[in-house]
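FYI, it's all coordinate maths here, none of it is from the lab. As the structure is a computational prediction, the values presented were derived from the model and not from experiment. Heads up, the Cβs are rebuilt from the backbone with ideal geometry, glycines too, and the neighbour counts pull from every protein chain shown.
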Amino acid sequence: MAPVDYARPLTASGNLRRRRVIDRLMRGSATAAALVAVAILGLMVFAIAQRGAGEISFAFLTQNSPEQLYSAGGGIANAIIGTALMVALATAVALPLGVLIAVYLTEYATARTASPIRLALDLLYGLPSIVIAIFIYGALVYGSGQTGFYASLALAIIMLPLIARTTGEALALVPKELRDASHALGISRWRTTVGITIPSALGGILTGTVLAIARAAGETAPMLLLASVFDNTKTSFDIFGQALPNIPYEIFNLAESGGTVNVAKAWGAALVLVIIVLIASLGARALQIRSTRMMTRR
Amino acid sequence: MVVTALASIVAIVLIVLVVYEIVNSAEPAISKYGLGFLGHQTWNNYTVFGAATLIYGTVATAAGALLIAAPLGIAIGLYLSLFSDRRTAAIIGPLVETLAAVPSVIIGLWGLIVLGPFLRSTIEPALHDVLGFIPLFGTPSATGSGVFTAMIVLAIMALPIIAAITRDLFLTVPAELKDGALALGATHWEMVRGVVLSSMRPGIASACILGVSRALGEAIAALQVIGSVFQISSNLFGNGNTLGATIAIQAQADNSHLQTASVFYLAVILLGIELLVNLAAQAIVRHYRLPSVTGPTATAAASGRT
């Protein structure tokens with residue numbers, strides 16, 4: 001056995017040194033990867049803010065498109081209204097349905113009945129929006145024409161699995177004791193769900209809904225197929241009768257038609273959409289922090 | 001009880017309806033072309049339709065996106081779950097998830113006007129000069145649009161999905177295992193490689209599958225940056241086309257019944273690929289009893305992380 005040199009300083013050498021260098025290298029590259037993602041987001045937001053800020057004015061938010069596509073001036077007021085209407089209608093369809101599904105899965109379903117429903121939700125979640133769009137196109141629009149309602153239906157299908165999943169997760173967090181206490185008082189299962197469980201999970205349900213709204217507001221593929229033929233100089237509220245102008249299609253159309261004026265307007269509309277989506281995401285996050293805090297305090 | 005059960009059946013009915021309606025609408029093209037449609041390269045908008053160039057474009061762009069997004073995304077997942085302190089993770093995690101919330105049309109707009117021209121003027125010539133002997137890195141594109149730009153754009157969309165799912169997976173590795181490895185004298189990285197990565201391999205695979213599923217199905221951003229040319233070119237910087245992009249732009253063209261049916265046939269192919277890919281991810285999750293995974297937004301709410 002080699003004699004131990006007790007005077008040697010306690011620093012890594014040889015193999016251990018190599019292992020530590022690798023360790024530092026790997027940790028460094030993981031940090032770098034995270035910075036790359038943040039940088040991409042930063043570059044994107046910077047580009048949108050820089051190019052879009054100049055476009056946004058009171059007129060841009062309150063006027064409709066000018067008569068001629070390539071002329072300056074005008075705004076996206078009708079598109080903002082159309083997006084708001086369609087997303088609202090989609091939420092009105094998807095929210096009750098999503099909550100009902102989540103209630104069934106957490107409160108009533110057995111393992112055997114839950115499994116196919118969960119699978120269906122996961123598959124729906126995984127369907128690209130273009131596939132959902134062409135499904136509605138083939139089922140309802142082809143041969144009869146676009147309406148805002150059909151676009152809303154596509155958005156609702158996109159929102160449904162998101163809302164069902166987040167609601168299910170929120171319901172699962174409700175303590176079992178609450179339900180047991182309610183049962184012990186002789187309250188029926190259904191009234192317990194409506195009166196106790198759902199109110200306790202309201203924060204989580206709202207979070208999921210707001211996230212789904214943020215996602216739906218930016219969906220472009222359904223708009224391209226289901227809400228793209230309209231008179232862009234007019235404001236329409238006739239959601240069941242005709243296609244409504246909307247922000248995502250406006251951005252797509254302006255960018256594709258080219259020309260400096262149009263592309264500049266596309267950036268303006270993009271900034272408006274990003275602000276809407278970011279506010280919704282941040283709102284959802286704040287809601288989520290609040291509701292988890294309330295749940296854990298109990 | 002009955003109402004909730006009925007609502008749940010809606011979810012199943014929807015999936016069945018989607019498949020039925022799309023296959024049914026594609027019927028004229030399916031009966032005319034059969035499976036030959038998959039291998040046929042011509043698409044002339046009026047009389048002759050084939051999907052080969054689109055299948056190639058879809059698979060090539062998604063594969064490229066995965067090649068870029070998988071290592072980056074897994075590294076971010078590791079950083080957020082194991083290498084960073086709680087406070088920085090609480091800032092960077094939400095930022096990465098915000099990337100997933102940016103609408104595709106805006107990423108496409110950015111890709112078309114900012115990223116594409118940048119790639120064309122700097123990255124593409126550099127790659128061409130150094131690696132030009134490989135046919136993949138041919139002459140840089142004329143406009144900035146092309147397969148390569150689409151790969152990067154799709155990678156940006158897949159990245160936050162892979163990062164968020166792997167982060168949540170890595171957080172589930174028991175502390176005893178990690179501490180055990182460290183107590184045996186392993187460095188942090190050796191612990192990660194030996195304990196975290198090796199025990200989470202199936203989960204990482206399903207995260208990557210879900211990321212690639214997003215890239216395969218993205219229509220709008222791909223349409224904006226890929227150049228929409230029906231061709232199979234070995235040059236990454238050339239133009240191409242994808243299934244989703246063609247469905248988006250041609251569904252309403254309706255030059256003939258056959259064209260519309262062919263577009264629906266494309267949707268059948270895309271639907272088939274997506275169902276297969278998602279079922280694979282679910283099968284892995286179920287087989288290995290992993291915590292259920294879907295996407296950044298859902299997982300964020302699930303884990304209650306901020």
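With +1 assigned to the C-beta of every Lys and Arg and -1 to the C-beta of every Asp and Glu, and no other charges, what is the dipole magnitude of region A:95-297 about the Cα centre in debye, to the nearest 20?
The dipole magnitude comes to about 720 debye.
Given axes a ≥ b ≥ c from the Cα gyration tensor, I'd like to know whether chain B is rounded (a/c under 1.5), prolate (a/b larger than b/c) or oblate.
oblate
Calculate the length of the line joining the C-alpha centroid of region B:195-217 to that of region A:247-298, in whole Å.
28 Å
Which of B:A222, A:S115, B:Y288 sits farthest toward the positive end of the charge dipole of the protein assembly as shown, with +1 on the Cβ of Lys and Arg and -1 on the Cβ of Asp and Glu?
Comparing the listed Cα positions along the dipole, B:Y288 ranks first.
Considering only B:I30, B:L109, B:W189, whose Cα is most displaced toward the positive end of the charge dipole of the protein assembly as shown, charges sitting on Cβ of Lys, Arg (+1) and Asp, Glu (-1)?
Projecting each Cα onto the dipole axis, the largest value belongs to B:W189.
Please report the projected area of chain A's Cα convex hull averaged over all directions, in nm².
Over every viewing direction, the Cα hull of chain A projects on average to 27.2 nm².
Calculate the dipole size of the protein assembly as shown relative to its Cα centre from +1 charges on Lys and Arg beta carbons and -1 charges on Asp and Glu beta carbons; express the result in debye to the nearest 20.
I would put it at about 2020 debye.
Give the order of B:H257, B:H40 when sorted by the count of other beta carbons within 10 angstrom, beginning with the fewest.
Ranked by crowding around the Cβ, least crowded first: B:H257, B:H40.
Is the protein assembly as shown rounded, prolate or oblate when judged by the Cα gyration tensor, a ≥ b ≥ c being the square roots of its eigenvalues, rounded requiring a/c under 1.5 and prolate requiring a/b larger than b/c?
oblate
Which whole number gives the average, over all residues in A:97-106, of C-beta atoms from other chains lying within 10 Å of the residue C-beta?
Rounded to a whole number, the mean comes out at 5.
What are the aspartates and glutamates whose alpha-carbon lies under 14 Å from the alpha-carbon of A:K176, with same-chain residues fewer than 8 places away excluded?
Within the straight-line limit of under 14 Å, A:K176 reaches these aspartates and glutamates: A:E107.
With a ≥ b ≥ c taken as the square roots of the eigenvalues of the C-alpha gyration tensor of region A:173-290, please select rounded if a/c is under 1.5 and otherwise prolate if a/b is larger than b/c or oblate if it is not?
prolate
Could you name the lysines in cross-link range of B:K178, using Cα to Cα under 24 Å and dropping any fewer than eight places away on the same chain?
B:K178 reaches no qualifying lysines.
If the cut-off is a Cα-Cα distance under 15 Å, which aspartates and glutamates reach A:K234, setting aside same-chain residues fewer than 8 apart in sequence?
Qualifying aspartates and glutamates at Cα under 15 Å: A:E67, A:E250.
Mind putting a number on the dipole of region A:209-288 about its Cα centre? Charges go on the C-beta only, +1 for Lys and Arg and -1 for Asp and Glu, and I need it in Debye to the nearest 20.
In total the dipole reaches around 240 debye.
What is the gain in length, in nm to one decimal, between A:S257 and A:L282 on full extension, counting 0.36 nm per residue of separation less the C-alpha to C-alpha distance?
5.7 nm
Working out 0.36 nm times the residue gap between A:D231 and A:R18, then minus their Cα-Cα distance, what length gain in nm do you get to one decimal?
So the extension gain works out to 69.9 nm.
Could you tell me the calculated FRET efficiency between B:T47 and B:I232, based on Cβ-Cβ distance and R0 = 25 angstrom, to the nearest 0.05?
Given R0 = 25 Å and the Cβ-Cβ separation, E is 0.75.
Just to be sure I understand: with springs between alpha-carbon atoms less than 10 Å apart, which residue in A:S228, A:S29, A:S281 has the highest mean-square fluctuation in the Gaussian network model of chain A?
Judging by the Gaussian network model, the answer is A:S29.
Given a 10 angstrom Cα cut-off, can you work out which residue in B:T143, B:T53, B:T122 is the most mobile in a GNM of chain B?
Maximum fluctuation in the GNM of chain B, among the listed residues, is at B:T122.
With springs only between Cα atoms under 10 Å, which of A:L244, A:L35, A:L124 fluctuates most in a Gaussian network model of chain A?
Among A:L244, A:L35, A:L124, the largest GNM mean-square fluctuation belongs to A:L35.
To the nearest 0.05, how large is the calculated FRET efficiency for B:T143 and B:S256 if R₀ is 30 Å and r is the Cβ-Cβ distance?
In this case the efficiency is close to 0.50.
Given only helices, namely DSSP H runs of n ≥ 4 each adding -39500 (n - 2.57), what is the per-residue ellipticity at 222 nm of the protein assembly as shown, to the nearest 500 deg cm²/dmol?
So the calculated ellipticity at 222 nm is -22500 deg cm²/dmol.
Within 10 Å of each Cβ in peptide A:162-168, how many partner chain Cβ atoms are there on average? Round it to a whole number, please.
The mean count of partner-chain Cβ atoms within 10 Å per residue comes to 4.
Over chain A, what relative contact order in percent results from Cα pairs under 8 Å that are six or more residues apart?
26 percent
Which residue, chosen from A:H183, A:G218, A:A151, occupies the Cα position most advanced towards the positive end of the dipole of region A:95-297, where the dipole is computed from +1 (Lys, Arg) and -1 (Asp, Glu) charges on Cβ about the Cα centre?
Checked the options; the winner is A:H183.
DSSP loop (so not H, G, I, E, B), at most 12 other Cβ within 10 Å: list which chymotrypsin sites (Phe, Trp or Tyr not before Pro) in region A:40-84 pass both filters.
Here the sparse-neighbourhood loop sites are A:Y70.
Taking beta carbons within 10 Å but only from partner chains, what does the mean come to for residues B:244-254?
5
Quick check on the exposure proxy: order A:D231, B:D168 from fewest to most C-beta atoms within 10 angstrom.
Going from sparsest to densest Cβ surroundings: A:D231, B:D168.
Once both labels are modelled 7 Å past Cα along the beta-carbon direction, what's the A:V4-B:S121 spacing in nm?
Going from the A:V4 label point to the B:S121 one covers 6.5 nm.
Ratio of Rg to Rh for region B:139-205, alpha carbon only, Kirkwood?
Computed over Cα atoms, the ratio is 1.26.
Quick one: which of B:78-85, A:166-173, B:100-107 comes out on top by average Cβ neighbours within 10 Å, and what's the full order, highest first?
Descending mean neighbour count gives B:100-107, A:166-173, B:78-85.
Give, to the nearest whole percent, the P(r) tail of region A:1-105 beyond 20 angstrom, counting all Cα pairs.
74 percent
I need to check one value: relative contact order of region B:40-303, counting alpha carbon pairs closer than 8 Å and at least 6 residues apart, in percent.
29 percent
Modelling each spin label as a point 7 Å along the Cα-to-Cβ direction, I'd like the A:L202/A:A181 distance in nm, to one decimal.
The modelled label-to-label distance comes out at 1.7 nm.
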